[in-house]
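One structure is given here, and the rest of the page talks about it.
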Amino acid sequence: MDTLAYLDPRSGRTWPLETPRWCGDQQEPLLLTDLPGLAPADIDRGTRSLWRYRAALPPLDGAPISMGEGCTPLVERRFGGATALLKCEWFMPTGSFKDRGASVMLSLLRAQGIQAVLEDSSGNGGAAVAAYAAAGGMRAKIMVPASTSPAKTVQSRATGAEIVLVPGSRQDCADAAMQEAANTFYASHNWHPFFLQGTKTLAYELWEDLGFRAPDNVIVPCGAGSNVLGCGIGFAELLRAGQIDHMPRIFAAQPANCAPIAREFLDLDAVAAQPTIAEGTAIAQPIRSRECIGVLRLSQGGAVMLSEAEIGQACLDLARCGVYVEPTCAQAAAAFARLLAAGTITAGETTVVVLTGTGLKSTQRVAELLGVAL
């Protein structure tokens, strides 16, 4: 195998993996050079976490920081007139899919000698980084917009993470974090390529769930695009390894109120972002939009923009069949119904709908949908 390295996919430049970094010299977003994938015999079947796919991950000295993340249920439900396979990613220690990325990213960084990390997120990303830092004996500083509801940071605060309130917008917070990165290592779920090595295990898990074959379609909620990219990386590795004979079509679901990746993919004019009930995907300036669109095109998938009403209704429809998720990921189910109605996908195909976060984190939002005062 060629030496694994950090890669700027836009220029082809590489940097050695041994030196910790989160971006290129000019703040380019990085990936890793190609890894070879694995075969069924390489799975560590005695490990009940994403680390069962350790052979497909960058080499790690010592034990990982793991709390049983991954190995989430794949549940059949009829929705929108057909059967979907719901990948229940909220069955993880902090209640969201971001535990995949946090476990792998912080395990690899700790092995490189990093003991303190910086993250900017008031939501699931911050909660995951805070929890896995605590589990790994690392210090975490989480920067959040000062306007953030205190309830949204309770989970991170409980782990012992330092919470820093930043005046201004979400973008102001991200800008402040990049300045603070000069002092504390920036282990951003949006920036660090190790995080995508964690989210790629979703592809491996679906492959194993389905008897070592690829689904026809995978629909994911998309903000910064870590699940789009993770599925793109993971399934491409399996394809190169000869373990699957085709890439599944990957579809990105975004709220119409904030859909920069979908708009660019669909060749629509950019518009200013508006507030959305799908707040976990309200990323107005995703740093890897070009790479996300590349995955959608390479897989012959697509992008769907959902109205606020569609997202809210999908959240309630899922709950009424026993599946309680946050509106952010309910939009993937709404996209499934839309794609079926358009004939883009068919009822006879194997379609996975990725549900990324628990409804327990969105009590206020779901109460508003129900007209219940809290």
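Take every DSSP beta bridge whose two residues both sit in the chain, then give the antiparallel share in percent to the nearest 5. List each step's numbers first, then the result.
Details: 13 of 42 bridges.
Antiparallel bridges make up about 30 percent of those DSSP assigns within the chain.
Over the chain, what is the relative contact order in whole percent, taking alpha-carbon pairs under 8 Å and six or more residues apart?
Dividing the mean separation by the residue count of the chain yields 16 percent.
Of Gly371, Thr351, Leu38, whose Cα points farthest to the positive end of the dipole of the chain (charges on the beta-carbon: +1 Lys, Arg; -1 Asp, Glu; origin at the Cα centre)?
The one lying farthest along the dipole's positive direction is Gly371.
If you take the square roots of the eigenvalues of the alpha-carbon gyration tensor of segment 109-156 and sort them as a ≥ b ≥ c, do you get rounded (a/c under 1.5), prolate (a/b over b/c) or oblate?
Values: a/c = 3.10, a/b = 2.16, b/c = 1.43.
Taking the square roots of the gyration eigenvalues as a ≥ b ≥ c, segment 109-156 is prolate.
Quick one: if you stick a label point 7 Å off each Cα along the C-beta vector at Ser307 and Arg10, how many nm between them?
Label at Ser307, label at Arg10, 3.6 nm between them.
With only Lys, Arg, Asp and Glu charged, each at its Cβ (+1 for the first two, -1 for the last two), find how big the charge dipole of segment 73-137 is about the Cα centre; round to the nearest 20 debye. Let's see the in-between values first.
On the way: 6 positive and 5 negative charges, 43 e Å.
Charge dipole, segment 73-137, about its Cα centre: 200 debye, nearest 20.
Residue separation times 0.36 nm, minus the C-alpha to C-alpha distance between Leu266 and Ala82: what's the value?
Details: separation 184, 0.36 × 184 = 66.24 nm, distance 2.54 nm.
That works out to 63.7 nm of additional length.
Check which residues have an amide H placed less than 5 Å from Thr350's amide H, if you skip close sequence neighbours.
Asp216, Asn217
Magnitude of the Cβ-charge dipole of the chain, K/R +1 and D/E -1, about the Cα centre, nearest 20 debye? Mind showing how you got there, number by number?
Values: 30 positive and 36 negative charges, 101 e Å.
So the magnitude is around 480 debye.
For segment 80-124 and segment 221-289, compute the distance between their C-alpha centroids and round to whole Å.
17 Å
About the Cα centre, and with charges only on the beta carbon of Lys, Arg (+1) and Asp, Glu (-1), how big is the dipole of segment 163-279? Nearest 20 debye, please. Could the numbers behind the result be given before it?
On the way: 6 positive and 13 negative charges, 23 e Å.
So the magnitude is around 120 debye.
Give the carbon-plus-sulfur fraction of the accessible surface of segment 75-232 in %, rounded to a whole number; probe 1.4 Å, heavy atoms of protein chains only.
Whole-percent figure for carbon plus sulfur exposure: 50.
Work out from phi, with θ = phi - 60° and the Karplus expression 6.51 cos²θ - 1.76 cosθ + 1.60, the ³J(HN,Hα) of each residue of segment 179-185, listed in order in whole Hz, and give x for Gly and Pro.
Values per residue, Gly and Pro as x: 6, 5, 4, 5, 10, 10, 4 Hz.
The values are calculated or read from the model by the stated rules, or taken from the named source; none is laboratory data. Every value quoted in this text rests on a predicted model; they were computed, and no experiment measured them. All Cβ positions, glycine included, derive from the backbone under ideal geometry; neighbour counts span all protein chains shown. Keep in mind that these areas ignore ligands, DNA and RNA; they rest on the heavy atoms of the full protein, side chains included. Shrake-Rupley method; radii C 1.70, N 1.55, O 1.52, S 1.80 Å.
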